[in-house]
1. Ranked highest first by the average count of other Cβ atoms within 10 Å around their residues, in what order do B:136-149, B:99-112 fall?
2. If contacts are Cα pairs under 8 angstrom and at least 6 residues apart, what is the relative contact order of the stretch B:124-211 in percent?
3. Taking only the alpha-carbon positions of the protein assembly as shown and ignoring solvent, what does the Debye formula give for the base-10 log of I(q)/I(0) at q = 0.07, 0.11 Å⁻¹?
4. To check you understand DSSP bridge types, tell me what percent of the beta bridges within the protein assembly as shown (both residues inside) are antiparallel, rounded to 5.
5. Highest mean first, what order results for A:215-222, B:250-257, A:40-47 on Cβ atoms within 10 Å?
6. Give me the angle, in degrees from 0 to 90, between the Cα long axis of helix A:21-30 and the longest principal axis of the Cα atoms of chain A, rounded to the nearest 10.
7. Of all alpha-carbon pairs in the stretch A:94-175, indicate the percentage at a distance above 18 angstrom.
8. For chain B, take the convex hull of the Cα atoms, compute a quarter of its surface area, and give me that in nm², please.
Amino acid sequence: MMRSVIFLENVTLHFPKIKGFVSLFVDLIKKRKTHFTALKGVNLEIKAGEVFGLIGKNGSGKSTILRVISGIYPPDEGTCKVAGKISLLAGLGTGFSAHQTGIENAILYGSILGHNEQEMTEKLPEILEFSELGDFINEPIRTYSAGMKARLGLAVASAIRPDILLIDEVLGVGDPQFREKSKARILDLVAETGTVVIVSHSFGLMKEICNRVGVVHKGELVMIGTPEEAISSYYEITE
Amino acid sequence: MVEPISNGDVVEVGLKPPLIKAPIYTIKEMITHRFLIRNLVVREVRGKYRNAVLGYTWTFIEPALLALVYYFLFYMLAGNPDELYAMWVLIGIIIWGCFGKSLQATVSSLTRNKNTIHLVYFPRIVFPMTSVMANVVITMMSCFVIVPIMIIFDLPLTIHVLLIPASVFMAGFLATGVGILLAPLNCIYRDIEHLVRFIVRAGFFVSPVMWTYEMALDRGFFGEVVVYNPMLTPITLARHGLEGHATTLPTSIILWSLGFGCIMWLLGSIAFERYERRAVKYL
């Protein structure tokens, strides 16, 4: 029996609404709700070695679940427990600095993702090779095309080897060849990493790699099942 | 499928040690993330002087030009100032600038980095600390402007010149405590940012930038009040260091300023750790 590595127990998360003093005061008098509930009582247990998918409409709370797991937003109610080192792949190239070279940005982004100096030195050759940037790697990143930036971002992000990997819609960048290559890379990463939670709108991919899929709707985890079950239930719910 | 995880302790996400330990705990976090902090500081320093022909020389051209302006202003208003007056103003501008810029950068550090905060988790104390360190590094570079000044005015180079870098650190330290205290609040109400900008402008005149501690001493009541300004110590120490003698500032004033910095650090780090998670939801 595999043990569980991610536990979400009754996780509820509120986001405050930003307001001026006057409307804040009005709300206080009228006792109106001053927050928006992003997640409502989410229960989820993910086992070691499992590839778990999350599907749902835009704004349903899929990404928010990943952010709770990775520690960006601590839950307001309930608890979230994990075992092992977590890494969230989202928004490739966060924190890139346009005026530094590709190499410098690779190191910067790597350190943002949680690498220390030694790991970064070890992984740099692999990153540079995968990014296929050639001599461009020594040019400032402002000279890069969007696709090149995305390639560098994916190269750095996919060099990490966490215990638990959270992937938030990072596929589908660059030209078709690179897209194939990046998909293969992510699949490798999924195979190598013990546990993966993936958010994607690509149902084909979900069927291919996921053991279980959960459907998120309006902040609630409405069902968990095999990929096929989940996808058909997704269409029923969102009709 | 791969073997399950090696280190198997189940831990609750985002648990923090008790708040009372925050002042020490945040320092430990910074040491753990030193590689990240160094890279972020480099990014900020590089970003500041990008695409400038004169590049890093702007770090000392800017205070030098400002000092020149204030020198003429003072010359016209008061007439016949001390020949070292321009230099006093210059060093005052540099040290006050370090404090002011660090404070403004720390207060807005969470709001400026909101994209990173939404996508990656690492201890958020890293953001304000990076801002302070980048400003301390830039100020250190601008301190090289004193080399030609020391030659022109024939000032003795003594061990006391070390008071200048010490004052830069002190200015940064004073800004840190106040800055991290306000940074989470600024996520909720950006008004804080505007308020701090005003305070930095006003503080320029209340602090010994255009005047010196010695001038204030001759003004009776005013001289008694100004010693309570924590920024009096770093600016005056830097001036004494530049003149090449041990400081004549009473120890009690220096201790008051250091104590103020430490208390602000205690309060600031506790408040930051307490409120940062709630505050980032407003970003």
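Nothing in this text is a laboratory measurement; each read-out follows from the coordinates by a stated rule. If you're wondering where the values come from, they're calculated on a predicted model, not measured in any experiment. No Cβ is skipped: glycine too gets one built from the backbone with ideal geometry, and neighbour counts run over all protein chains shown.
1. Highest to lowest by the protection proxy: B:99-112, B:136-149.
2. 35
3. -0.49, -1.02
4. 55
5. Those peptides, ordered most packed to least, come out A:215-222, A:40-47, B:250-257.
6. Its long axis makes an angle of about 40 degrees.
7. Percentage above 18 Å: 37.
8. Across all orientations, chain B yields a mean hull projection of 19.4 nm².
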